Amino acid sequence: RIKPTIVAHPVYVRQFDAWRAEHPEFVSISLYRFRPLKGQVLIAVAPELVRRLVDAYYGGLGVHGERVVKEFTPTEERLLTRLSEALIETLTEVWSEVVPVKAQLMSRETSTSYASLVAGDEPVAVARFTVSIGQGRGSVIDVLYPVAALRSIEGQLSLKVHDDIGLTGSEWRERILTALGEVRIQARSVLARPTLSVRELL
């Protein structure tokens, strides 16, 4: 029952080797095929986030002492599987607004050196989220897309971005009011509530 705080950072592009260099070697990595996009999508979850989630799950405060580990416990592995599947399910749902996609798990790794998303000198688009649990320090979840894969759907992405950004505040309000106007509710009308004596009623 600890509510997390999640911050979504702007998407940025950098070389895959540069991304690997800024992460510790031990990290949870899930590779998914994301058809019809070419290549794969990588989800990286910081180990300390997993430990804090397990601690919170069993009644702790989500503040776990920092320690150097080289592998996940069976409990952490099970939670990681659930977390990764929930993330990819949400990504699939969000991407359906741009292009329908189908995700398929290809592999799971625990080392950035074994992450074979693209060649080291190729660019990737990084969508980063910082998750804070309780008073603990924020942990990172990264979602990586090969830039080459995004180029094949550049037209659809551009249309989606312009469609979202081009709206003014009044247009957003008009859309919301229109959507609310279509909501159907059950209503019952009472025409009158007279007060009568029994004699008058008879």
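Nothing in this text is a laboratory measurement; each read-out follows from the coordinates by a stated rule. Small disclaimer: the values here were computed from a predicted structure and weren't measured. Heads up, the Cβs are rebuilt from the backbone with ideal geometry, glycines too, and the neighbour counts pull from every protein chain shown.
A protection proxy built from the mean count of other Cβ atoms within 10 Å ranks the segments 91-104, 46-59, most packed first, as 46-59, 91-104. When peptides 174-185, 191-202 are sorted by average Cβ neighbour count within 10 Å, with the highest value leading, the order is 174-185, 191-202.
Our Cα-only numbers for the range 1-126 put the radius of gyration and Dmax at 15.4, 44 Å.
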